[in-house]
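The values are calculated or read from the model by the stated rules, or taken from the named source; none is laboratory data. Since the model is a prediction, treat every value here as computed from it, not as a measurement. Neighbour counts are summed over all protein chains in view; Cβ atoms, including those assigned to glycine, are modelled from backbone coordinates with ideal geometry. Accessible surface areas use protein heavy atoms only, side chains included; no ligands, DNA or RNA. Shrake-Rupley method; radii C 1.70, N 1.55, O 1.52, S 1.80 Å.
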Amino acid sequence: MMKRRSKAPRILSIVLLTVAAIGFAFPFYFMLVGAFQESPTNAPNELFPTSGWTVDNFVAIDSRIDLAGSLLNSLIFTAGVLLGTVVFGLLAGYAIARLDFRGRGVVWVLMLLVQMVPFQLLMIPLYVQITRSYGLGDSYLGMILPFLINTTAVFIFVQFFKALPVEIFEAARIDGAGEIRLLTSVAIPLIRPVLVTVVLVTFIGPWNEFLWPFLITKDATLQPLAVSLANYISNVAQSTANPNGAILAGATALAFPVVILFIVFQRFFRATDLGAAVKG
């Protein structure tokens, strides 16, 4: 009787989690099925359709926009943002968390204040500065520059660098390691799951970013996928034989890389074994 009672909460939690997982996954399933359906309806005809499969929706998109080129633009834009986020985030986070320098508290407070300023409030001044002062309109660098430093990533790195045992750093300094060596050989391996988390969370932002690339790029050959699909949906999709299928195909093309990235890197979402780093 006691065993049955002890199993009941576990079974209930499994059932609830399964229902929640199905609820979260169903929109993606609906999107994927609708993207490959030829019926021009508001929804797939069947929950598990056995006929009507087609790739014409993707062909229709590719015939009006350069789907591969837009994907490449999104990858370049996102990769540039990720590189800046990781490099500057790690350096700034380590400096604030582990180095003792004058004005460290002021830098920390200013960084927190920057997070409270909406990006939309700075968009017009940034546009004028980047296009007129720097001459970086219609360029990858112009798209990447405003997102090169992510204060949220710096905040996350600071918190985890502070949580690392100080004995690790003291032992490495006794062995003659400098600060860069401490960062690359000691600190970063211990926060690898956090690093992957920051990369994944940061990836979603620039990959789905629409407003800034739309504002800074007038050349269609430089526009990322989110901008190209938005232009396609607003101007062309309704004139196709299957407008809903075209819209769902565009959403699938935009969401597919993010889903694949999460599936590949989900194994890194685990706690770091800090205790094994300190012995004695």
> Along the principal axes of its C-alpha atoms, what lengths does the range 132-172 span, in descending order and rounded to whole Å?
Replying inline: 50, 20, 15
>> Rounded, prolate or oblate for the range 72-118? Axes are the square roots of the Cα gyration tensor eigenvalues, ordered a ≥ b ≥ c, and the cut-off for rounded is a/c under 1.5.
In response: oblate
> How big is the accessible area of Asp100 in square angstrom, nearest 10, if you roll a 1.4 angstrom probe over the protein chains?
Replying inline: 140 Å²
>> So if the hydrodynamic radius of the range 139-259 is defined as the Kirkwood radius over C-alpha pairs, what does Stokes-Einstein give as its diffusion coefficient at 25 °C and 0.890 mPa s, in µm² per second?
In response: 138 µm²/s
> For the Cα atoms of the chain, what angle does the longest principal axis make with the long axis of helix 225-235, in degrees from 0 to 90, nearest 10?
Replying inline: 30 degrees
> At a Förster radius of 30 Å, what calculated FRET efficiency corresponds to the Cβ-Cβ distance of Lys218 and Gln115, to the nearest 0.05?
Replying inline: 0.45
> Among (i) 105, 41, 29; (ii) 58, 57, 37; (iii) 76, 70, 30, which one is Cα extents along the principal axes in Å computed from these coordinates?
Replying inline: (iii)
> Can you give the calculated 222 nm mean residue ellipticity of the chain, where each DSSP H run of n ≥ 4 adds -39,500 (n - 2.57) and the sum is split over every residue, rounded to the nearest 500 deg cm²/dmol?
Replying inline: -21000 deg cm²/dmol
>> Going by average Cβ density within 10 Å per residue, which order do the peptides 162-172, 188-198 take, highest to lowest?
In response: 188-198, 162-172
> Between Ile174 and Phe24, what is the FRET efficiency for a Förster distance of 41 Å, r being their Cβ-Cβ separation, to the nearest 0.05?
Replying inline: 0.25
> Rounded if a/c is under 1.5, else prolate if a/b beats b/c, else oblate: with a ≥ b ≥ c from the C-alpha gyration tensor eigenvalues square-rooted, which is the range 149-215?
Replying inline: prolate
> Taking amide hydrogens as modeled 1.01 Å from N in the peptide plane, which residues meet the under 5 Å criterion relative to Glu38, leaving out close sequence neighbours?
Replying inline: Thr54
>> With equal scatterers on the alpha carbons only and no solvent term, can you work out the Debye log10 of I(q)/I(0) for the range 80-204 at 0.11, 0.13, 0.17, 0.18 1/Å?
In response: -0.46, -0.62, -0.94, -1.01
> According to a simple spin-label model (label point 7 Å from Cα along Cα-to-Cβ), what is the distance in nm between Arg64 and Arg132?
Replying inline: 3.5 nm
> Tilt of helix 67-98 relative to the longest C-alpha principal axis of the chain, in degrees (0 to 90, nearest 10)?
Replying inline: 20 degrees
